[in-house]
2 protein chains.
Amino acid sequence: MTTEYSGSGDPKRSMELLWGVPDRPRRGPKPKLTVDRIVRAAIGIADAEGLAGLSMRRVADELGVTAMSLYTYVPGKAELVDVMLDTVHARPAEADDGHDGHGGVADGDGDWRGRLERLARESYERYRRHPWLLQVATSVPVLGPNLLAKYDRELSAVDGLGLTEVEMDLLVSLVTDYVHGAVRGAVETAQMQRRTGMSTEQWWQSYEPLLAQVFDPERYPVAARVGAAAGEEYQAPYDPTRSFEFGLQRMLDGIEAFVRNRAGR
Amino acid sequence: MTTEYSGSGDPKRSMELLWGVPDRPRRGPKPKLTVDRIVRAAIGIADAEGLAGLSMRRVADELGVTAMSLYTYVPGKAELVDVMLDTVHARPAEADDGHDGHGGVADGDGDWRGRLERLARESYERYRRHPWLLQVATSVPVLGPNLLAKYDRELSAVDGLGLTEVEMDLLVSLVTDYVHGAVRGAVETAQMQRRTGMSTEQWWQSYEPLLAQVFDPERYPVAARVGAAAGEEYQAPYDPTRSFEFGLQRMLDGIEAFVRNRAGR
DNA sequence: GACTATAGCGTACGCTGTACGGAGTTCAAG
DNA sequence: CTTGAACTCCGTACAGCGTACGCTATAGTC
(Lines give C-alpha, C1' and ligand atoms only; values in the text may rest on other atoms or scores of the structure.)
Protein backbone atom coordinates (compact mmCIF):
# COMPACT_ATOMS: atom_id res chain seq x y z
CA MET A 1 0.00 0.00 0.00
CA THR A 2 2.68 2.44 -0.80
CA THR A 3 3.40 4.92 -3.56
CA GLU A 4 6.86 6.26 -3.82
CA TYR A 5 7.93 9.61 -5.13
CA SER A 6 10.89 9.93 -7.40
CA GLY A 7 13.57 12.49 -6.86
CA SER A 8 12.82 13.11 -3.21
CA GLY A 9 16.39 12.61 -2.16
CA ASP A 10 19.46 14.78 -2.20
CA PRO A 11 20.11 15.61 -5.87
CA LYS A 12 23.88 15.41 -5.60
CA ARG A 13 23.89 12.04 -3.86
CA SER A 14 21.25 10.72 -6.25
CA MET A 15 23.31 11.73 -9.27
CA GLU A 16 26.38 10.01 -7.85
CA LEU A 17 24.37 6.86 -7.34
CA LEU A 18 22.83 7.01 -10.80
CA TRP A 19 26.04 7.64 -12.66
CA GLY A 20 28.40 5.73 -10.42
CA VAL A 21 31.18 7.33 -8.48
CA PRO A 22 34.53 6.60 -10.16
CA ASP A 23 36.65 5.88 -7.10
CA ARG A 24 35.66 4.16 -3.90
CA PRO A 25 37.66 4.76 -0.73
CA ARG A 26 39.90 1.88 0.28
CA ARG A 27 39.90 2.12 4.05
CA GLY A 28 37.83 -0.09 6.27
CA PRO A 29 36.44 -3.58 5.86
CA LYS A 30 35.59 -4.78 2.40
CA PRO A 31 31.97 -4.11 1.52
CA LYS A 32 29.80 -7.21 1.49
CA LEU A 33 27.40 -5.69 -1.00
CA THR A 34 27.26 -3.35 -3.93
CA VAL A 35 24.64 -0.80 -4.87
CA ASP A 36 23.91 -2.90 -7.91
CA ARG A 37 23.13 -6.03 -5.91
CA ILE A 38 20.85 -4.06 -3.62
CA VAL A 39 19.03 -2.53 -6.55
CA ARG A 40 18.58 -5.87 -8.25
CA ALA A 41 17.24 -7.47 -5.10
CA ALA A 42 14.83 -4.58 -4.65
CA ILE A 43 13.62 -4.84 -8.24
CA GLY A 44 13.07 -8.56 -7.79
CA ILE A 45 10.94 -7.99 -4.73
CA ALA A 46 8.95 -5.21 -6.35
CA ASP A 47 8.36 -7.34 -9.44
CA ALA A 48 7.09 -10.24 -7.38
CA GLU A 49 5.22 -8.51 -4.59
CA GLY A 50 4.63 -4.97 -5.76
CA LEU A 51 5.86 -1.73 -4.25
CA ALA A 52 3.79 -2.51 -1.18
CA GLY A 53 6.04 -5.49 -0.47
CA LEU A 54 9.22 -3.48 -0.84
CA SER A 55 10.74 -2.49 2.45
CA MET A 56 14.27 -1.91 3.55
CA ARG A 57 14.08 -4.82 5.98
CA ARG A 58 12.75 -7.06 3.24
CA VAL A 59 15.59 -6.16 0.90
CA ALA A 60 18.11 -6.62 3.67
CA ASP A 61 16.70 -10.06 4.50
CA GLU A 62 17.07 -11.06 0.89
CA LEU A 63 20.73 -10.12 1.01
CA GLY A 64 21.48 -11.57 4.42
CA VAL A 65 22.17 -8.28 6.18
CA THR A 66 20.23 -5.97 8.45
CA ALA A 67 18.17 -3.06 7.30
CA MET A 68 20.60 -0.47 8.55
CA SER A 69 23.46 -1.94 6.56
CA LEU A 70 21.77 -0.80 3.39
CA TYR A 71 22.15 2.80 4.46
CA THR A 72 25.88 2.48 3.91
CA TYR A 73 25.24 2.13 0.20
CA VAL A 74 22.05 4.09 -0.31
CA PRO A 75 21.00 7.30 1.43
CA GLY A 76 17.40 6.16 1.79
CA LYS A 77 14.52 4.41 0.21
CA ALA A 78 13.63 7.29 -2.10
CA GLU A 79 17.05 7.22 -3.73
CA LEU A 80 16.88 3.45 -3.99
CA VAL A 81 13.65 3.74 -5.95
CA ASP A 82 15.25 6.35 -8.21
CA VAL A 83 18.03 3.94 -9.10
CA MET A 84 15.57 1.09 -9.55
CA LEU A 85 13.68 3.30 -11.97
CA ASP A 86 16.72 4.03 -14.08
CA THR A 87 17.94 0.44 -13.95
CA VAL A 88 14.82 -1.14 -15.44
CA HIS A 89 15.13 1.25 -18.36
CA ALA A 90 18.43 -0.24 -19.42
CA ARG A 91 18.21 -2.11 -22.68
CA PRO A 92 19.32 -5.73 -22.78
CA ALA A 93 21.37 -4.80 -25.83
CA GLU A 94 23.81 -2.69 -23.90
CA ALA A 95 24.87 -5.60 -21.76
CA ASP A 96 26.01 -7.94 -24.50
CA ASP A 97 27.25 -8.06 -28.06
CA GLY A 98 25.37 -5.30 -29.76
CA HIS A 99 22.38 -7.25 -30.95
CA ASP A 100 19.35 -5.90 -29.26
CA GLY A 101 17.21 -8.96 -28.78
CA HIS A 102 14.48 -7.58 -30.96
CA GLY A 103 15.11 -9.85 -33.90
CA GLY A 104 18.01 -7.84 -35.17
CA VAL A 105 15.95 -4.74 -35.79
CA ALA A 106 17.98 -1.66 -35.00
CA ASP A 107 16.55 1.59 -33.72
CA GLY A 108 17.10 3.45 -36.93
CA ASP A 109 15.43 0.88 -39.16
CA GLY A 110 12.18 1.54 -40.94
CA ASP A 111 10.11 4.68 -41.17
CA TRP A 112 9.31 6.94 -38.26
CA ARG A 113 5.99 5.21 -37.70
CA GLY A 114 7.57 1.82 -37.37
CA ARG A 115 10.19 3.26 -35.02
CA LEU A 116 7.60 4.87 -32.76
CA GLU A 117 5.53 1.71 -32.77
CA ARG A 118 8.52 -0.33 -31.72
CA LEU A 119 9.37 2.06 -28.91
CA ALA A 120 5.79 2.11 -27.68
CA ARG A 121 5.60 -1.68 -27.58
CA GLU A 122 8.95 -1.88 -25.86
CA SER A 123 7.72 0.52 -23.20
CA TYR A 124 4.46 -1.37 -22.87
CA GLU A 125 6.34 -4.60 -22.28
CA ARG A 126 8.52 -2.99 -19.65
CA TYR A 127 5.48 -1.84 -17.71
CA ARG A 128 4.02 -5.31 -17.88
CA ARG A 129 7.24 -6.80 -16.57
CA HIS A 130 7.59 -4.23 -13.79
CA PRO A 131 4.07 -3.19 -12.82
CA TRP A 132 5.35 -1.21 -9.87
CA LEU A 133 6.60 1.37 -12.38
CA LEU A 134 3.04 2.65 -12.51
CA GLN A 135 3.17 3.37 -8.80
CA VAL A 136 6.32 5.43 -8.85
CA ALA A 137 5.06 8.98 -9.04
CA THR A 138 7.67 11.02 -10.85
CA SER A 139 7.47 14.17 -8.80
CA VAL A 140 10.83 15.15 -10.24
CA PRO A 141 12.53 13.78 -13.36
CA VAL A 142 15.19 11.19 -12.65
CA LEU A 143 18.12 12.00 -14.88
CA GLY A 144 19.88 8.67 -14.97
CA PRO A 145 21.93 7.35 -17.87
CA ASN A 146 19.32 4.85 -19.01
CA LEU A 147 16.41 7.25 -18.82
CA LEU A 148 18.37 9.83 -20.77
CA ALA A 149 19.23 7.17 -23.34
CA LYS A 150 15.57 6.28 -23.66
CA TYR A 151 14.67 9.92 -24.19
CA ASP A 152 17.37 10.16 -26.84
CA ARG A 153 16.10 7.08 -28.65
CA GLU A 154 12.57 8.42 -28.66
CA LEU A 155 13.62 11.76 -30.02
CA SER A 156 15.75 10.08 -32.68
CA ALA A 157 12.67 8.24 -33.90
CA VAL A 158 11.08 11.51 -34.97
CA ASP A 159 14.28 13.24 -36.02
CA GLY A 160 14.87 14.36 -39.57
CA LEU A 161 11.19 14.87 -40.39
CA GLY A 162 11.45 18.63 -40.64
CA LEU A 163 9.95 19.23 -37.23
CA THR A 164 11.15 21.78 -34.73
CA GLU A 165 12.79 20.56 -31.57
CA VAL A 166 9.79 21.57 -29.52
CA GLU A 167 7.46 19.65 -31.81
CA MET A 168 9.66 16.58 -31.53
CA ASP A 169 9.48 16.81 -27.77
CA LEU A 170 5.70 17.19 -27.88
CA LEU A 171 5.30 14.10 -30.06
CA VAL A 172 7.50 12.02 -27.80
CA SER A 173 5.53 13.14 -24.77
CA LEU A 174 2.34 12.17 -26.53
CA VAL A 175 3.50 8.63 -27.19
CA THR A 176 4.96 8.03 -23.74
CA ASP A 177 1.91 9.56 -22.08
CA TYR A 178 -0.40 7.33 -24.04
CA VAL A 179 1.55 4.18 -23.28
CA HIS A 180 1.59 4.95 -19.60
CA GLY A 181 -2.14 5.51 -19.55
CA ALA A 182 -2.95 2.48 -21.66
CA VAL A 183 -0.81 0.05 -19.73
CA ARG A 184 -2.82 0.73 -16.61
CA GLY A 185 -5.73 -1.26 -17.97
CA ALA A 186 -3.53 -4.21 -18.75
CA VAL A 187 -1.78 -4.21 -15.41
CA GLU A 188 -5.09 -3.73 -13.66
CA THR A 189 -6.62 -6.89 -15.06
CA ALA A 190 -3.42 -8.85 -14.45
CA GLN A 191 -3.28 -7.71 -10.82
CA MET A 192 -6.94 -8.43 -10.27
CA GLN A 193 -6.33 -11.98 -11.35
CA ARG A 194 -3.30 -12.36 -9.16
CA ARG A 195 -4.89 -10.73 -6.12
CA THR A 196 -8.29 -12.33 -6.27
CA GLY A 197 -7.42 -15.53 -8.07
CA MET A 198 -10.37 -14.96 -10.37
CA SER A 199 -10.47 -14.41 -14.08
CA THR A 200 -12.06 -11.25 -15.39
CA GLU A 201 -15.30 -13.06 -16.20
CA GLN A 202 -15.44 -14.77 -12.84
CA TRP A 203 -14.93 -11.49 -11.14
CA TRP A 204 -17.70 -9.81 -13.09
CA GLN A 205 -20.02 -12.70 -12.45
CA SER A 206 -19.44 -12.46 -8.73
CA TYR A 207 -20.07 -8.72 -8.84
CA GLU A 208 -23.13 -8.90 -11.06
CA PRO A 209 -25.74 -9.58 -8.36
CA LEU A 210 -24.37 -6.72 -6.25
CA LEU A 211 -24.42 -4.38 -9.21
CA ALA A 212 -27.86 -5.48 -10.34
CA GLN A 213 -29.33 -4.36 -7.03
CA VAL A 214 -28.26 -0.77 -7.50
CA PHE A 215 -27.72 -0.32 -11.21
CA ASP A 216 -30.54 1.53 -12.93
CA PRO A 217 -30.37 1.00 -16.72
CA GLU A 218 -32.43 4.14 -17.29
CA ARG A 219 -29.89 6.25 -15.48
CA TYR A 220 -26.99 4.81 -17.46
CA PRO A 221 -28.56 3.89 -20.80
CA VAL A 222 -25.49 3.80 -22.98
CA ALA A 223 -23.32 2.12 -20.38
CA ALA A 224 -25.99 -0.55 -19.96
CA ARG A 225 -26.08 -1.20 -23.68
CA VAL A 226 -22.33 -1.31 -24.12
CA GLY A 227 -21.88 -3.38 -20.99
CA ALA A 228 -24.32 -5.94 -22.27
CA ALA A 229 -22.67 -6.02 -25.68
CA ALA A 230 -19.25 -6.36 -24.10
CA GLY A 231 -20.51 -9.24 -22.00
CA GLU A 232 -21.56 -11.12 -25.11
CA GLU A 233 -18.63 -10.17 -27.27
CA TYR A 234 -15.83 -10.90 -24.86
CA GLN A 235 -16.49 -14.58 -24.53
CA ALA A 236 -12.80 -15.09 -24.69
CA PRO A 237 -10.96 -13.48 -21.77
CA TYR A 238 -10.75 -9.73 -22.23
CA ASP A 239 -7.46 -8.88 -23.83
CA PRO A 240 -6.15 -5.49 -22.76
CA THR A 241 -3.40 -5.66 -25.33
CA ARG A 242 -6.09 -5.30 -27.96
CA SER A 243 -7.13 -1.98 -26.46
CA PHE A 244 -3.52 -0.85 -26.42
CA GLU A 245 -2.92 -1.78 -30.05
CA PHE A 246 -6.12 -0.12 -31.18
CA GLY A 247 -5.33 3.13 -29.42
CA LEU A 248 -1.74 3.05 -30.61
CA GLN A 249 -2.84 2.93 -34.25
CA ARG A 250 -5.34 5.77 -33.78
CA MET A 251 -2.68 7.87 -32.14
CA LEU A 252 -0.13 7.18 -34.85
CA ASP A 253 -2.75 8.10 -37.44
CA GLY A 254 -3.13 11.45 -35.75
CA ILE A 255 0.61 11.96 -35.63
CA GLU A 256 0.90 10.96 -39.28
CA ALA A 257 -1.56 13.67 -40.28
CA PHE A 258 0.50 16.18 -38.35
CA VAL A 259 3.81 15.09 -39.82
CA ARG A 260 2.44 15.15 -43.36
CA ASN A 261 1.02 18.58 -42.80
CA ARG A 262 4.30 19.95 -41.46
CA ALA A 263 6.35 18.37 -44.26
CA GLY A 264 4.06 19.89 -46.87
CA ARG A 265 4.81 23.43 -45.76
CA MET B 1 4.94 8.08 0.38
CA THR B 2 1.95 5.87 -0.02
CA THR B 3 0.09 4.37 -2.96
CA GLU B 4 -3.31 2.99 -2.36
CA TYR B 5 -5.02 0.25 -4.28
CA SER B 6 -8.65 0.53 -5.19
CA GLY B 7 -11.10 -2.24 -4.60
CA SER B 8 -9.07 -4.04 -1.95
CA GLY B 9 -11.98 -4.20 0.46
CA ASP B 10 -14.97 -6.44 0.82
CA PRO B 11 -17.01 -5.96 -2.38
CA LYS B 12 -20.39 -6.12 -0.66
CA ARG B 13 -19.51 -3.59 2.02
CA SER B 14 -17.88 -1.34 -0.59
CA MET B 15 -20.98 -1.38 -2.75
CA GLU B 16 -23.17 -0.48 0.22
CA LEU B 17 -20.88 2.42 0.98
CA LEU B 18 -20.77 3.60 -2.61
CA TRP B 19 -24.48 3.45 -3.23
CA GLY B 20 -25.67 4.31 0.25
CA VAL B 21 -27.62 1.92 2.41
CA PRO B 22 -31.30 2.93 2.42
CA ASP B 23 -32.03 2.45 6.13
CA ARG B 24 -29.79 3.01 9.07
CA PRO B 25 -30.53 1.27 12.34
CA ARG B 26 -31.96 3.54 14.97
CA ARG B 27 -30.67 2.02 18.18
CA GLY B 28 -27.81 3.37 20.18
CA PRO B 29 -26.36 6.82 20.52
CA LYS B 30 -26.77 9.22 17.64
CA PRO B 31 -23.83 9.13 15.27
CA LYS B 32 -21.61 12.20 15.48
CA LEU B 33 -20.45 11.79 11.91
CA THR B 34 -21.57 10.62 8.52
CA VAL B 35 -19.68 8.73 5.86
CA ASP B 36 -20.00 11.80 3.69
CA ARG B 37 -18.32 14.09 6.21
CA ILE B 38 -15.48 11.62 6.63
CA VAL B 39 -15.01 11.33 2.89
CA ARG B 40 -15.01 15.08 2.43
CA ALA B 41 -12.47 15.57 5.18
CA ALA B 42 -10.27 12.89 3.66
CA ILE B 43 -10.50 14.47 0.22
CA GLY B 44 -9.56 17.82 1.69
CA ILE B 45 -6.48 16.38 3.33
CA ALA B 46 -5.44 14.47 0.23
CA ASP B 47 -5.90 17.58 -1.91
CA ALA B 48 -3.76 19.67 0.41
CA GLU B 49 -1.10 17.21 1.49
CA GLY B 50 -1.23 14.35 -0.96
CA LEU B 51 -2.01 10.71 -0.32
CA ALA B 52 1.11 10.51 1.82
CA GLY B 53 -0.50 12.90 4.29
CA LEU B 54 -3.72 10.96 4.44
CA SER B 55 -3.98 8.76 7.50
CA MET B 56 -6.90 7.59 9.57
CA ARG B 57 -5.57 9.47 12.58
CA ARG B 58 -5.21 12.61 10.51
CA VAL B 59 -8.79 12.41 9.24
CA ALA B 60 -10.03 11.71 12.75
CA ASP B 61 -8.18 14.72 14.12
CA GLU B 62 -9.80 16.88 11.49
CA LEU B 63 -13.23 15.73 12.64
CA GLY B 64 -12.53 15.85 16.36
CA VAL B 65 -12.72 12.14 17.01
CA THR B 66 -10.21 9.33 17.44
CA ALA B 67 -8.98 7.13 14.66
CA MET B 68 -10.94 4.10 15.78
CA SER B 69 -14.22 5.95 15.64
CA LEU B 70 -13.96 6.10 11.88
CA TYR B 71 -14.18 2.35 11.70
CA THR B 72 -17.81 2.58 12.77
CA TYR B 73 -18.58 4.19 9.43
CA VAL B 74 -15.95 2.77 7.12
CA PRO B 75 -14.55 -0.78 7.07
CA GLY B 76 -11.03 0.43 6.43
CA LYS B 77 -8.81 2.82 4.62
CA ALA B 78 -9.04 0.97 1.30
CA GLU B 79 -12.81 1.38 1.18
CA LEU B 80 -12.49 5.00 2.20
CA VAL B 81 -10.24 5.62 -0.77
CA ASP B 82 -12.75 3.88 -3.02
CA VAL B 83 -15.50 6.22 -1.91
CA MET B 84 -13.17 9.22 -2.24
CA LEU B 85 -12.51 8.13 -5.79
CA ASP B 86 -16.17 7.95 -6.70
CA THR B 87 -16.98 11.17 -4.89
CA VAL B 88 -14.56 13.40 -6.78
CA HIS B 89 -16.09 12.15 -10.01
CA ALA B 90 -19.45 13.67 -9.13
CA ARG B 91 -20.34 16.57 -11.35
CA PRO B 92 -21.02 19.94 -9.73
CA ALA B 93 -24.19 20.02 -11.79
CA GLU B 94 -25.84 17.26 -9.86
CA ALA B 95 -25.57 19.12 -6.62
CA ASP B 96 -27.42 22.28 -7.59
CA ASP B 97 -29.91 23.69 -10.02
CA GLY B 98 -29.20 21.79 -13.18
CA HIS B 99 -26.74 24.18 -14.73
CA ASP B 100 -23.41 22.50 -15.04
CA GLY B 101 -20.97 25.28 -14.53
CA HIS B 102 -19.55 24.87 -17.98
CA GLY B 103 -21.17 27.96 -19.45
CA GLY B 104 -24.47 26.28 -20.09
CA VAL B 105 -23.02 23.77 -22.51
CA ALA B 106 -24.83 20.48 -22.15
CA ASP B 107 -23.24 17.12 -22.71
CA GLY B 108 -25.10 16.43 -25.91
CA ASP B 109 -24.22 19.71 -27.60
CA GLY B 110 -21.92 19.96 -30.57
CA ASP B 111 -20.34 17.23 -32.64
CA TRP B 112 -18.64 14.18 -31.23
CA ARG B 113 -15.26 15.83 -31.43
CA GLY B 114 -16.37 18.77 -29.35
CA ARG B 115 -17.99 16.44 -26.85
CA LEU B 116 -14.85 14.32 -26.45
CA GLU B 117 -12.72 17.43 -26.13
CA ARG B 118 -14.95 18.77 -23.39
CA LEU B 119 -14.84 15.49 -21.50
CA ALA B 120 -11.06 15.27 -21.81
CA ARG B 121 -10.58 18.80 -20.46
CA GLU B 122 -13.02 18.13 -17.66
CA SER B 123 -11.05 15.05 -16.69
CA TYR B 124 -7.77 16.95 -16.97
CA GLU B 125 -9.07 19.62 -14.62
CA ARG B 126 -10.21 17.05 -12.10
CA TYR B 127 -6.75 15.52 -11.98
CA ARG B 128 -5.23 18.93 -11.47
CA ARG B 129 -7.60 19.65 -8.62
CA HIS B 130 -7.05 16.25 -7.00
CA PRO B 131 -3.50 15.19 -7.85
CA TRP B 132 -3.70 12.21 -5.52
CA LEU B 133 -5.98 10.58 -8.10
CA LEU B 134 -2.82 9.70 -9.99
CA GLN B 135 -1.58 7.73 -6.99
CA VAL B 136 -4.65 5.59 -6.59
CA ALA B 137 -3.82 2.43 -8.48
CA THR B 138 -7.06 0.96 -9.76
CA SER B 139 -6.33 -2.69 -9.16
CA VAL B 140 -10.03 -3.36 -9.47
CA PRO B 141 -12.67 -1.11 -11.05
CA VAL B 142 -14.68 0.87 -8.53
CA LEU B 143 -18.30 0.69 -9.63
CA GLY B 144 -19.73 3.71 -7.87
CA PRO B 145 -22.61 5.79 -9.14
CA ASN B 146 -20.47 8.72 -10.23
CA LEU B 147 -17.88 6.62 -12.02
CA LEU B 148 -20.60 4.74 -13.84
CA ALA B 149 -22.18 8.06 -14.79
CA LYS B 150 -18.86 9.27 -16.12
CA TYR B 151 -18.50 6.13 -18.21
CA ASP B 152 -22.01 6.63 -19.54
CA ARG B 153 -21.30 10.24 -20.50
CA GLU B 154 -18.13 9.24 -22.30
CA LEU B 155 -19.87 6.50 -24.24
CA SER B 156 -22.71 8.86 -25.12
CA ALA B 157 -20.20 11.22 -26.68
CA VAL B 158 -19.37 8.65 -29.36
CA ASP B 159 -22.84 7.18 -29.64
CA GLY B 160 -24.81 7.33 -32.87
CA LEU B 161 -21.76 7.39 -35.13
CA GLY B 162 -22.36 3.94 -36.56
CA LEU B 163 -19.70 2.31 -34.39
CA THR B 164 -20.05 -1.04 -32.69
CA GLU B 165 -20.30 -1.10 -28.93
CA VAL B 166 -16.82 -2.54 -28.65
CA GLU B 167 -15.40 0.21 -30.82
CA MET B 168 -17.10 2.82 -28.69
CA ASP B 169 -15.53 1.31 -25.61
CA LEU B 170 -12.12 1.27 -27.26
CA LEU B 171 -12.36 4.93 -28.21
CA VAL B 172 -13.40 5.93 -24.71
CA SER B 173 -10.51 3.98 -23.24
CA LEU B 174 -8.16 5.71 -25.62
CA VAL B 175 -9.23 9.17 -24.51
CA THR B 176 -9.23 8.43 -20.79
CA ASP B 177 -5.90 6.63 -21.04
CA TYR B 178 -4.34 9.56 -22.81
CA VAL B 179 -5.65 12.11 -20.34
CA HIS B 180 -4.34 10.11 -17.44
CA GLY B 181 -0.92 9.84 -18.98
CA ALA B 182 -0.75 13.45 -20.05
CA VAL B 183 -1.82 14.90 -16.75
CA ARG B 184 1.15 13.32 -15.05
CA GLY B 185 3.46 15.86 -16.63
CA ALA B 186 1.35 18.73 -15.45
CA VAL B 187 0.99 17.45 -11.91
CA GLU B 188 4.67 16.59 -11.83
CA THR B 189 5.79 20.16 -12.50
CA ALA B 190 3.20 21.55 -10.10
CA GLN B 191 4.33 19.24 -7.32
CA MET B 192 7.97 19.95 -7.96
CA GLN B 193 7.25 23.61 -7.44
CA ARG B 194 5.30 23.00 -4.28
CA ARG B 195 7.80 20.53 -2.83
CA THR B 196 11.02 22.31 -3.66
CA GLY B 197 9.76 25.88 -3.78
CA MET B 198 11.60 26.33 -7.07
CA SER B 199 10.23 27.13 -10.48
CA THR B 200 11.01 24.74 -13.30
CA GLU B 201 13.81 26.95 -14.59
CA GLN B 202 15.32 27.41 -11.17
CA TRP B 203 15.27 23.67 -10.65
CA TRP B 204 16.96 22.98 -13.95
CA GLN B 205 19.55 25.64 -13.27
CA SER B 206 20.40 24.07 -9.93
CA TYR B 207 20.68 20.67 -11.59
CA GLU B 208 22.69 21.82 -14.57
CA PRO B 209 26.17 21.70 -13.02
CA LEU B 210 25.51 18.21 -11.70
CA LEU B 211 24.26 17.04 -15.05
CA ALA B 212 27.07 18.69 -16.95
CA GLN B 213 29.63 16.61 -15.05
CA VAL B 214 28.21 13.35 -16.32
CA PHE B 215 26.28 14.19 -19.45
CA ASP B 216 28.09 13.27 -22.63
CA PRO B 217 26.56 15.06 -25.64
CA GLU B 218 28.02 12.47 -27.99
CA ARG B 219 26.22 9.69 -26.21
CA TYR B 220 22.90 11.51 -26.30
CA PRO B 221 23.14 13.64 -29.44
CA VAL B 222 19.49 14.27 -30.11
CA ALA B 223 18.57 14.77 -26.47
CA ALA B 224 21.39 17.31 -26.19
CA ARG B 225 20.10 19.23 -29.21
CA VAL B 226 16.50 19.21 -28.11
CA GLY B 227 17.40 20.02 -24.54
CA ALA B 228 19.34 23.04 -25.67
CA ALA B 229 16.53 24.18 -27.94
CA ALA B 230 14.00 23.70 -25.18
CA GLY B 231 16.14 25.75 -22.86
CA GLU B 232 16.09 28.67 -25.28
CA GLU B 233 12.51 28.33 -26.39
CA TYR B 234 10.84 27.98 -23.02
CA GLN B 235 11.80 31.39 -21.75
CA ALA B 236 8.35 31.62 -20.31
CA PRO B 237 7.68 29.00 -17.63
CA TYR B 238 7.09 25.61 -19.24
CA ASP B 239 3.36 25.13 -19.67
CA PRO B 240 2.34 21.49 -19.44
CA THR B 241 -1.17 22.37 -20.55
CA ARG B 242 0.30 23.11 -23.94
CA SER B 243 1.60 19.59 -24.21
CA PHE B 244 -1.78 18.24 -23.19
CA GLU B 245 -3.65 20.33 -25.77
CA PHE B 246 -1.22 19.40 -28.53
CA GLY B 247 -1.53 15.69 -27.84
CA LEU B 248 -5.28 15.94 -27.49
CA GLN B 249 -5.63 17.39 -30.98
CA ARG B 250 -3.36 14.75 -32.52
CA MET B 251 -5.34 12.02 -30.83
CA LEU B 252 -8.66 13.45 -31.95
CA ASP B 253 -7.28 13.68 -35.49
CA GLY B 254 -6.54 9.98 -35.35
CA ILE B 255 -9.99 9.20 -34.02
CA GLU B 256 -11.55 11.37 -36.70
CA ALA B 257 -9.85 9.37 -39.43
CA PHE B 258 -11.19 6.21 -37.88
CA VAL B 259 -14.73 7.51 -37.50
CA ARG B 260 -14.81 8.81 -41.08
CA ASN B 261 -13.54 5.49 -42.32
CA ARG B 262 -16.16 3.53 -40.43
CA ALA B 263 -18.99 5.86 -41.50
CA GLY B 264 -17.99 5.51 -45.11
CA ARG B 265 -18.53 1.79 -45.13
C1' DG C 1 -37.26 0.09 34.20
C1' DA C 2 -34.71 -3.66 31.83
C1' DC C 3 -32.60 -5.08 27.67
C1' DT C 4 -29.74 -4.56 23.82
C1' DA C 5 -27.77 -2.67 19.66
C1' DT C 6 -24.80 0.84 18.60
C1' DA C 7 -21.12 4.87 18.86
C1' DG C 8 -16.92 6.16 20.46
C1' DC C 9 -12.58 5.31 22.31
C1' DG C 10 -8.10 3.33 25.05
C1' DT C 11 -4.85 0.12 24.43
C1' DA C 12 -1.92 -2.80 21.89
C1' DC C 13 0.44 -5.28 17.99
C1' DG C 14 3.12 -5.58 14.11
C1' DC C 15 4.71 -3.06 10.50
C1' DT C 16 7.27 0.99 8.30
C1' DG C 17 11.66 4.35 7.42
C1' DT C 18 15.61 5.80 9.58
C1' DA C 19 18.55 8.58 13.40
C1' DC C 20 22.16 7.47 16.55
C1' DG C 21 25.97 5.30 18.66
C1' DG C 22 28.99 1.55 19.15
C1' DA C 23 31.74 -2.59 17.65
C1' DG C 24 34.70 -4.69 14.53
C1' DT C 25 37.77 -4.46 10.24
C1' DT C 26 41.12 -2.72 7.17
C1' DC C 27 44.41 0.49 5.39
C1' DA C 28 47.92 4.47 5.82
C1' DA C 29 51.00 6.93 8.42
C1' DG C 30 54.51 7.30 12.10
C1' DC D 1 54.92 -2.83 14.34
C1' DT D 2 52.01 0.15 16.34
C1' DT D 3 48.65 3.47 16.17
C1' DG D 4 44.86 6.16 14.44
C1' DA D 5 41.61 7.12 11.08
C1' DA D 6 38.21 5.54 7.91
C1' DC D 7 34.92 2.46 6.95
C1' DT D 8 31.29 -1.47 7.26
C1' DC D 9 27.86 -3.40 9.81
C1' DC D 10 24.41 -3.66 13.23
C1' DG D 11 21.39 -3.17 17.93
C1' DT D 12 18.44 -0.18 19.68
C1' DA D 13 15.04 3.22 19.51
C1' DC D 14 11.42 6.42 17.93
C1' DA D 15 7.56 8.18 15.64
C1' DG D 16 4.09 7.01 12.67
C1' DC D 17 1.03 3.76 10.24
C1' DG D 18 -3.54 0.51 9.81
C1' DT D 19 -6.45 -1.83 12.64
C1' DA D 20 -8.02 -5.93 16.05
C1' DC D 21 -10.10 -6.22 20.50
C1' DG D 22 -12.73 -5.03 24.31
C1' DC D 23 -14.82 -1.68 27.26
C1' DT D 24 -18.14 2.19 28.39
C1' DA D 25 -21.86 5.24 27.61
C1' DT D 26 -25.97 6.12 25.08
C1' DA D 27 -30.54 5.66 23.05
C1' DG D 28 -34.21 3.21 21.34
C1' DT D 29 -37.47 -1.08 22.12
C1' DC D 30 -40.13 -4.11 24.97
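Extending 7 Å from the Cα toward the beta-carbon at both B:Ala257 and A:Arg27 defines two label points whose distance is 6.4 nm.
Binning the alpha carbon pair distances of the range A:139-248 at 10 angstrom intervals from zero yields the distribution 11, 27, 28, 16, 16, 2, expressed in whole percent.
Comment: the Cα-to-Cβ extended label point of A:Ala90, at 7 Å, lies 5.1 nm from its counterparts in the other copies, nearest first.
A label point on A:Pro221, set 7 Å along the Cα-to-Cβ line, lies at 5.9 nm from each of its counterparts in the other copies, closest listed first. Peptide B:153-160 shows a mean partner chain C-beta count of 3 within 10 Å per residue C-beta. Place a point 7 Å from the Cα of B:Arg195 along the Cα-to-Cβ direction; which residues of the range A:135-164 have their backbone N under 15 Å from it? Only A:135-144 pass the distance filter.
When the other protein chains are added to the chain by itself, burial of at least 30 square angstrom of heavy-atom accessible area (probe 1.4 Å, ligands and nucleic acids ignored) affects these residues of the range A:125-141: A:Gln135, A:Thr138, A:Ser139, A:Val140, A:Pro141. For the segment A:194-207, counting C-beta atoms of other chains within 10 Å of every residue's C-beta and taking the mean gives 2. With a 10 Å cut-off around each Cβ of B:175-187, the average count of Cβ atoms from other chains is 6. Here the label points at B:Arg219 and A:Arg40, each 7 Å from Cα along the C-beta direction, are separated by 2.0 nm in the simple model. Calculated FRET efficiency, B:Arg91 and B:Thr66, Cβ-Cβ r, R0 41 Å, to nearest 0.05? My answer for the efficiency is 0.75.
Once A binds B, the 1.4 Å probe can no longer reach about 7400 Å² of accessible area, counting both sides. Peptides B:71-79, A:248-256 ranked from most to least packed, by the mean per-residue count of other Cβ atoms within 10 Å: A:248-256, B:71-79. Inter-copy label distances at A:Arg262, shortest first and taken from points set 7 Å along Cα to Cβ: 2.8 nm.
The values are calculated or read from the model by the stated rules, or taken from the named source; none is laboratory data. In this text the structure is predicted, and so the values were computed from the model without any measurement. Positions of Cβ are backbone-derived with ideal geometry, glycine not excepted, and every protein chain shown enters the neighbour counts. Accessible surface is based on the protein model in full, side chains and every heavy atom, while ligands, DNA and RNA are left aside. Shrake-Rupley method; radii C 1.70, N 1.55, O 1.52, S 1.80 Å.
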